[in-house]
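Novice: My structure is below; once you've seen it, I'll send some questions.
The values are calculated or read from the model by the stated rules, or taken from the named source; none is laboratory data. In this text, all values refer to a predicted model and were calculated from it rather than measured experimentally. We place every Cβ from the backbone using ideal geometry, glycine too, and count neighbours over all the protein chains shown. The area values use the complete protein model at the heavy-atom level, side chains included, leaving out ligands, DNA and RNA. Shrake-Rupley method; radii C 1.70, N 1.55, O 1.52, S 1.80 Å.
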Amino acid sequence: RKKRIMHNSRNNPWSHLKRPVKDLSIRLVDPDHTLDLFWATDNAGDYLFVWRYKGLKNKSPKGALPSLSGMMLNHVQDAEDSGRYVLRLIGKEDWEIFMTLCSDLVEAMRRAESEIAALEIFLRRMDRWQNFLRRKRPTILNESIIKGLIGELHFLFYRLNPEIGLDAAVNAWGGPFGTPQDFCHGDNAFEVKCQSGGSSPSVRITSAEQLTPQVENLYLYVLTMSQCSEDEDSALTLPSLIDKIRNKLIQQSSEALEKFSDALIEIGYINSTEYDRFCYILVSESTYKITEGFPRITTDIINPALSRVSYSIPLSACSEFEENSQLNELL
């Protein structure tokens, strides 16, 4: 199998640094980056991420720096307009979380037009991570969420992106932020579901809002996927899909990249080699238009005292609503 090369390699970058006798052992994150960013380790063996700046005269942030669970952020002023921000991981067991955070900073700051703009991005991303780490402890997602997320990212990259562009596709992805449907673009909304086929294929609807139209046209987009080995050429995995999307966004839009990163944080995705175990192959795709008579439970027909509703729909009951049009004809 071909080795994947990733801009934010999930291989531990600190493991290649020798512990120094004093000071720091450092390695430039990316020689093509506009900023001086480094992986570093100190004589205690701690993992650090360092940003050296040289043009931020009198631009030090006022007030306390963000405080992240299991990490420490320090600001060192070397001269009037130069200094460094040093982010330290406390304990090595959470290096994958630390790596994900640092990679997020690297890519979010890549398109900054100045060090002042980079500082704004840096502090904004740190605040974002502070809020996330404060409210929940990241763990690997369960298989049901993994599979659903693969379906949404496949739809985003391979279906929406060619029709409306990647920036617009990312901006249409509202599911992670609590919108009723996974995607909404103009007068069209899409609820994306994955299922495994079998003798009686069906999809699970987890709220009355999911199939209640909020815009003129609502579609149910169903992907049928089956498990496969990592050696399968067309295998879909979370890391591979996320890499594809991120690598495109790095070249196109810092705003959309930040929103994409925020969506993954909301879901609770942290880079981990564990995700390579979950491989799927796409079997088929179907689109159903949600119109009068479609089998569903909507918000206007349930008792408002019911806070949550969940049910399954057999796809055999939806055949008359299947759309034969291509996605570009629907949008």
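Novice: Convert each backbone phi in region 154-166 into a coupling constant with the Karplus relation 6.51 cos²θ - 1.76 cosθ + 1.60 (shift: θ = phi - 60°), then list the ³J(HN,Hα) values in order as whole Hz, x for Gly and Pro.
Specialist: Each residue's phi maps through the Karplus curve to give 5, 4, 4, 7, 9, 10, 6, 3, x, 8, 10, x, 5 Hz.
Novice: Please tell me the relative contact order of region 30-169 in percent, rounded to the nearest whole number, where contacts are Cα pairs under 8 Å and at least six residues apart.
Specialist: Answer for region 30-169 is 19 percent.
Novice: Let me ask something additional. Filter the trypsin sites (Lys or Arg not before Pro) in region 138-213 to those in DSSP coil with at most 13 other Cβ atoms within 10 Å of their Cβ, and list the result.
Specialist: Hits after loop and neighbour filter: nothing returned.
Novice: How many percent of the accessible area of region 55-207 is carbon or sulfur, using a 1.4 Å probe?
Specialist: 47 percent
Novice: Which GluC sites (Glu not before Pro) in region 269-331 pass both tests, a DSSP loop state and at most 12 other beta-carbon atoms within 10 Å?
Specialist: Sites meeting the loop and neighbour criteria: Glu292.
Novice: Sticking with this structure for a sec: Amide H neighbours of Asp30 under 5 Å, counting only residues 5+ apart in sequence or on other chains, H built in-plane at 1.01 Å?
Specialist: Those lying under 5 Å, H to H, from Asp30 are Leu37.
Novice: Taking the Cα centre of the chain as the origin and placing charges on Cβ (Lys, Arg +1; Asp, Glu -1), which of Leu87, Ser200, Ser272 is farthest toward the positive end of the dipole?
Specialist: Going by the Cα projections, it comes out as Leu87.
Novice: Relative contact order (percent) for the chain, with alpha-carbon contacts under 8 angstrom and 6 or more residues of separation?
Specialist: 16 percent
Novice: May I ask you to evaluate 6.51 cos²θ - 1.76 cosθ + 1.60, the Karplus curve with θ = phi - 60°, for each residue of region 107-116 and list the ³J(HN,Hα) values in order in whole Hz, giving x for glycine and proline?
Specialist: Taking θ as phi minus 60°, the curve returns 6, 5, 8, 4, 9, 5, 7, 7, 5, 5 Hz for region 107-116.
Novice: Let me ask you something else. Say we join alpha carbon atoms closer than 10 Å with springs in a Gaussian network model of the chain; which of Ile301, Ile205, Ile290 then has the biggest fluctuation?
Specialist: Checking each option, the largest mean-square fluctuation is seen for Ile301.
Novice: Now for a separate question. Can you pull a Stokes-Einstein diffusion coefficient for region 15-140 at 20 °C (1.002 mPa s), Rh from Kirkwood over Cα pairs, as a whole number of µm²/s?
Specialist: Value of D from the Cα-based Kirkwood radius: 141 µm²/s.
Novice: Which aspartates and glutamates does Lys289 reach when only Cα atoms under 20 Å apart count, and residues fewer than 8 places away in its own chain are ignored?
Specialist: Glu152, Glu163, Asp182, Asp187, Glu191, Glu209, Glu216, Asp300, Glu320, Glu322, Glu323, Glu329
Novice: Under 10 Å, Cα contacts only: if you run a Gaussian network model on the chain, which one of Glu152, Glu163, Glu80 comes out with the highest mean-square fluctuation?
Specialist: Glu80
Novice: How much accessible surface area, in Å² rounded to 10, belongs to the heavy atoms of Leu123 with a 1.4 Å probe?
Specialist: Taking all protein chains as shown, Leu123 has close to 40 Å².
Novice: Moving on to the next point. Quick one: which residues, 5 or more positions from Cys228 or on another chain, have an amide H under 5 Å from its amide H? H modelled 1.01 Å from N in the peptide plane, none for Pro or chain starts.
Specialist: Here the answer is Cys279, Tyr280, Ile281, since their amide H atoms fall under 5 Å of that of Cys228.
Novice: Further question: Quick one: among Asn171, Asn161, Asn43, which has the greatest mean-square fluctuation in a GNM of the chain with alpha-carbon springs under 10 angstrom?
Specialist: Looking only at Asn171, Asn161, Asn43, the largest GNM fluctuation is found for Asn43.
Novice: What dipole magnitude, in Debye to the nearest 20, does the chain give about its Cα centre under +1 on Lys/Arg Cβ and -1 on Asp/Glu Cβ?
Specialist: 1360 debye
Novice: Could you check the simple spin-label distance between Lys289 and Arg204, using points 7 Å along Cα→Cβ, in nm with one decimal?
Specialist: Those two pseudo-labels are separated by 3.0 nm.
Novice: In whole Hz, what ³J(HN,Hα) sequence does region 274-288 give by Karplus (6.51, -1.76, 1.60; θ = phi - 60°), x for Gly and Pro?
Specialist: 4, 5, 5, 6, 9, 10, 9, 10, 7, 9, 7, 9, 9, 10, 10
Novice: Please report the spacing between the Cα centers of region 231-265 and region 172-205 in Å, no decimals.
Specialist: Cα centroid of region 231-265 versus Cα centroid of region 172-205: 19 Å apart.
Novice: Another one. Expected output is a single nm value to one decimal: the length gained when fully extending between Asn217 and Ser196, i.e. 0.36 nm times separation in residues minus the C-alpha distance. What is it?
Specialist: 4.9 nm
Novice: I need the shape label for region 80-157. Rule: rounded when a/c is under 1.5, else prolate if a/b > b/c, else oblate, with a, b, c from the alpha carbon gyration tensor.
Specialist: oblate
Novice: Going from most exposed to least, what order do Cys102, Cys228 have by accessible area with a 1.4 Å probe?
Specialist: Most to least solvent-accessible, the answer reads Cys228, Cys102.
Novice: So, one more: Want the number for Thr34 to Ile145: 0.36 nm per residue separation, take away the alpha-carbon distance, what's left?
Specialist: Extra length available between Thr34 and Ile145 comes to 36.3 nm.
Novice: Here is a further query. From the square roots a ≥ b ≥ c of the eigenvalues of the alpha-carbon gyration tensor of region 114-175, which class results: rounded (a/c under 1.5), prolate (a/b over b/c), or oblate?
Specialist: It comes out oblate by the Cα gyration axes.
Novice: Pairs to check: Lys18/Lys147; Lys18/Lys62; Lys193/Lys259; Lys54/Lys248; Lys92/Lys259. Give those whose C-alpha atoms are more than 31 Å from each other in this structure.
Specialist: Beyond 31 Å: Lys18/Lys147; Lys18/Lys62.
Novice: Classify the chain as rounded, prolate or oblate from the Cα gyration tensor: take a ≥ b ≥ c as the square roots of its eigenvalues, call it rounded if a/c is under 1.5, otherwise prolate when a/b beats b/c and oblate if not.
Specialist: Verdict is prolate for the chain.
Novice: Taking 8 Å as the Cα distance limit and 6 or more residues as the minimum spacing, I'd like the relative contact order of region 65-114 as a percentage.
Specialist: 24 percent
Novice: Taking R0 as 25 Å, what's the FRET efficiency between Arg52 and Ser15 from their Cβ-Cβ distance, rounded to 0.05?
Specialist: E between Arg52 and Ser15, to the nearest 0.05, is 0.65.
Novice: Check Ala208: other-chain or 5+ apart residues with amide H under 5 Å from its amide H, H built from backbone geometry?
Specialist: Val309
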